[in-house]
Structure formats: C-alpha cells, structure tokens
Amino acid sequence: MKIAEKLRIPVATTIQGKGALPSEHPLCLGVLGICGHPVAAHYVFDQSDLLIAVGTSFGEFSTYGWDQRFLKDKKIIHVDIDKREIGKNYRVAVGLNGDAAIIMHQLLKIVEHNGVLPKQSGRDAEQLIAEDGRLLNPHLMRYEGRPLKPQSLFGVVKELAPDNTLFLADSSSHWAWAMHYLSIGENGNFFPTLGLGAMGASISSAIGIKLSQPKAPVICICGDGSFLMGGNEVATAGQYHIPVIWIVFNDSRYSMPEASIKKMFNRTIGVELGSTDFAKMAKSMGVRGFKVDNRATFYDALSEAIKINEPVVIDVLIDSSEIPPIGQRKLTAD
C-alpha cells in the first residue's frame, strides 16, 4: 500500500488478496477475475502497460481462464516465494523470487532512494473509479423490499460492521456475493473458502479465527446448504461463549449449482432443499438466533449481534431470483 500510495499506482487484487487494500481506498480497483469488478478488468486489460504481480499464481479464477489480454502491450514483474510459479502461466519480464514482505520493503527503499515520481496512472484510475464505480447495480444495496436482496444485505454490513471486522465467506453463491459487494476496512481482513470448494468449512474456521483474534469482530457469511453440513459447530461457540456472527443465506436451494445448471442446460435437478429455520436451530444449541426477511429487520438483528458480544446466527430469507455475480468463467477456447 505504501508503494501504491507513493507512486499513485492503482491496485487490483485476486480473490484471496481481497482486503490487502481497504475496499474504499481511492486506488483500489477491486477484485480482478470471477465475481470481481468490471473496472478492475477494464483497467488491467486496456489501460495498463506494467503489472507488478505480488504473490499470485495467475490461476484460473483471477485470470478469466488464463485470458491472453494479460500479455497485451504490457510487461509483468512477478514476485513469489515459490520460484516454480514465476512465469508458469504468463511470460514475465522480471521475476523476483522471495518473501513478498521483504521484497516489497526493498522495492519501497529503492523507490525512495531513487526519487521516483508519482505517475499520472493513479489519478486516471481514481477518476475512472469515481466515474464508473466498482459495483454492479449499486442501487440494490439500498433495496427495502421482501425478500431481502443479497446486495442490500451487504449494504447493511458495510454500514454496521466495524473497521477491524474479520470476514469469512463459505463456498457457494454467498461467496460470490461477498467477493463483489463486501467492503473490507483498513484494519479488517477476508478469508474466502477456496480449497476444493469445501462447503461448511468456514463455519468452524470462524471459531478458530475468533480465538486467535479475540478483539476483532468475526462475521461468517454462509448458505443454508453449507449450514446444513457444518452448522452443528455453532454448538461449540455456544458452549464456550465464543462471539462469532453467522449470516446464513436461506433460499432453500443450492443456488450456485442451480444457476450454473440452468445456464448450461436450461433446467435444474437436485438443487432444492427443505425449509429449515436456522434461528430455531441456533436457539436449540444455546445460541441467539434471529430470523429476518428485509433490510430493516436485518439491520436491527446485525446491530444487536455486534453489540451483545455473544455467538449469534442470523437466518436471512434471501431473494432466490438474484443471480450471483459470477461473470465470465471460461475453461476452453471458443
């Protein structure tokens, strides 16, 4: 962030890098790749002539299936602790093998010593962000109707969550919504469940993260499908009074598989779930539970959850008609 601010370099992150720069930072382009922000793709592909890639392997999710536009009229400086990753997926002009923190510290000292001046690109990026915005349909973040739209839910989270909140997002559609709409503060962080797409993993991980960072609020965003797989871990938080907040997207379906199957075959199979009251499920484990279906009631529930410093489950009846912002994902050439 110091290098970016000193030289006015716009910053895009991968999915796992979300939160490295505060989401509202004027130089933050947002997430590049699946579920990401169009302004980031536009700037990286069409307006950049140099990429400084720090600790990324240029994987499928962050490159739109290894899009060749990463090499169009630009050079890449690749920093990675694993030398096998450097140049593996894209040709690089310079490879720097080592710990990212050490190398970036050294680069900052070199920049300061040589008196490198800021670039116009930063001002251009700030203007582009101001004009185009980062988000798709940002007006829906203020939607007041029933059922609650995912965009509106994240509007409330942005409004209420303290700056140092640590967020987790479990695997499935809520992960996609969080990737696009969740705002991470300067002192916060983000832990998406990516490894093998393990549904339910973040529900228990949230407890471990809270124990390791007791002073920071921890909010886990998960779905009804993943909560049916791992929701019993909430009993541990209840037993030991570990104050984690779980926000459960409840639409009685596996919504990301449903959207994908419908897109490919114009029909669905095996994606429906029964109706479960997760607020009552939480109460049966000795944990506070709220059931909400609109912006106002969710606002009240999240406000209370943050204030009481106890484990809380918020069961949100979410609008199933909203399609997750998956965007382009292409594994094969046309």
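Let me spell it out: the conditions are (1) assigned to a loop (DSSP other than H, G, I, E, B); (2) touching a Leu at 6+ places or on another chain (Cβ under 8 Å); (3) crowded, with 18+ Cβ neighbours inside 10 Å; (4) at pLDDT below 90, and Ser23 meets all of them except one. Which number is the exception?
(4)
Residues are listed down the side, and each one gets a yes or a no for (1) in contact with a strand residue (DSSP E or B) (Cβ under 7 Å, 6 or more places away or on another chain); (2) acidic (Asp, Glu):
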position	(1), (2)
Glu144	no, yes
Leu168	yes, no
Ser171	no, no
Gly208	no, no
Lys215	no, no
Cys222	yes, no
Phe227	yes, no
Gly231	no, no
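Which one of these does Ala206 not meet: (1) in contact with a helix residue (DSSP H, G or I) (Cβ under 6 Å, 6 or more places away or on another chain); (2) farther than 27 Å from Pro138 by Cα?
Answer for Ala206: the failing condition is (1).
Which condition breaks for Asn189 when tested against (1) open to solvent by 50 Å² or more (accessible area, probe 1.4 Å); (2) closer than 23 Å to Ala296 by Cβ; (3) touching a strand residue (DSSP E or B) at 6+ places or on another chain (Cβ under 9 Å)?
Here Asn189 meets the rest and fails (2).
Go through the range 106-121 residue by residue and tally those that are over 18 Å from Pro10 (Cα atoms) and either assigned to a loop (DSSP other than H, G, I, E, B) or free of Cβ contacts under 8 Å to residues at least 12 places away in the same chain (or both).
Of the residues in that region, 6 qualify.
Only one of these is surrounded by fewer than 20 Cβ atoms within 10 Å (Cβ to Cβ) and part of a loop (DSSP other than H, G, I, E, B): Asp163, Asp124. Name it.
Asp163
Are there any pairs with C-beta distances below 9 angstrom linking a residue in the range 1-14 that is more than 19 Å from Phe191 (Cα to Cα) and open to solvent by less than 40 Å² (accessible area, probe 1.4 Å) to a residue that is at pLDDT below 90 and of a type in the set (Lys, Arg), with the two at least 6 apart or on different chains, and if so which?
Correct list of pairs: Leu7/Lys119.
Looking at the structure I just gave you, is Leu107 open to solvent by 40 Å² or more (accessible area, probe 1.4 Å), among the hydrophobic types (A, V, I, L, M, F, W, C) and farther than 29 Å from Leu194 by Cα?
Working: open to solvent by 40 Å² or more (accessible area, probe 1.4 Å): yes; among the hydrophobic types (A, V, I, L, M, F, W, C): yes; farther than 29 Å from Leu194 by Cα: yes.
Criteria met by Leu107.
Working only within the range 143-189, note down all residues that are closer than 18 Å to Ser205 by Cβ and β-branched (Val, Ile, Thr).
Thr165, Ile184
Mind checking which residues of the range 50-103 are touching a strand residue (DSSP E or B) at 6+ places or on another chain (Cβ under 8 Å), surrounded by fewer than 19 Cβ atoms within 10 Å (Cβ to Cβ) and in a helix (DSSP H, G or I)?
Ala100, Ile103
Can we say Ser202 is out of contact with any Gly (no Cβ under 7 Å at 6 or more places or on another chain), not in a strand (DSSP E or B) and not hydrophobic (A, V, I, L, M, F, W, C)?
Yes; evaluated as a whole, the condition is true for this residue.
With the requirement that a residue be aromatic (Phe, Trp, Tyr) and modelled with pLDDT of 95 or more, what does the range 224-248 give you?
Tyr240, Trp246
Got at least one residue in the range 264-275 being closer than 23 Å to Arg146 by Cα, of a type outside the set (Phe, Trp, Tyr), open to solvent by less than 80 Å² (accessible area, probe 1.4 Å) and in contact with a strand residue (DSSP E or B) (Cβ under 7 Å, 6 or more places away or on another chain)?
Within the range 264-275, one or more residues are closer than 23 Å to Arg146 by Cα, of a type outside the set (Phe, Trp, Tyr), open to solvent by less than 80 Å² (accessible area, probe 1.4 Å) and in contact with a strand residue (DSSP E or B) (Cβ under 7 Å, 6 or more places away or on another chain).
In the list Ile81, Ile86, Ile76, which residue meets the criterion of being free of Cβ contacts under 8 Å to residues at least 12 places away in the same chain and of a type in the set (A, V, I, L, M, F, W, C)?
After ruling out the rest, the residue left standing is Ile86.
Do you know which residues across the range 37-56 are of a type in the set (Gly, Ala, Ser), in contact with a Lys or Arg (Cβ under 9 Å, 6 or more places away or on another chain) and in contact (Cβ under 8 Å) with a residue 24 or more places away in the chain?
Of the residues in the range 37-56, the ones of a type in the set (Gly, Ala, Ser) are 40-41, 48, 53, 55.
Going one step further and asking which of them are in contact with a Lys or Arg (Cβ under 9 Å, 6 or more places away or on another chain), we end up with 40-41, 48.
Across the range 37-56, the qualifying residues are Ala40, Ser48.
The values are calculated or read from the model by the stated rules, or taken from the named source; none is laboratory data. Keep in mind it's a predicted model, so treat the numbers as computed, not measured. Note: ideal-geometry Cβ built from the backbone for every residue, glycine included; neighbour counts use all protein chains shown. Side chains included, ligands, DNA and RNA excluded: accessible areas come from the protein's heavy atoms. Shrake-Rupley method; radii C 1.70, N 1.55, O 1.52, S 1.80 Å.
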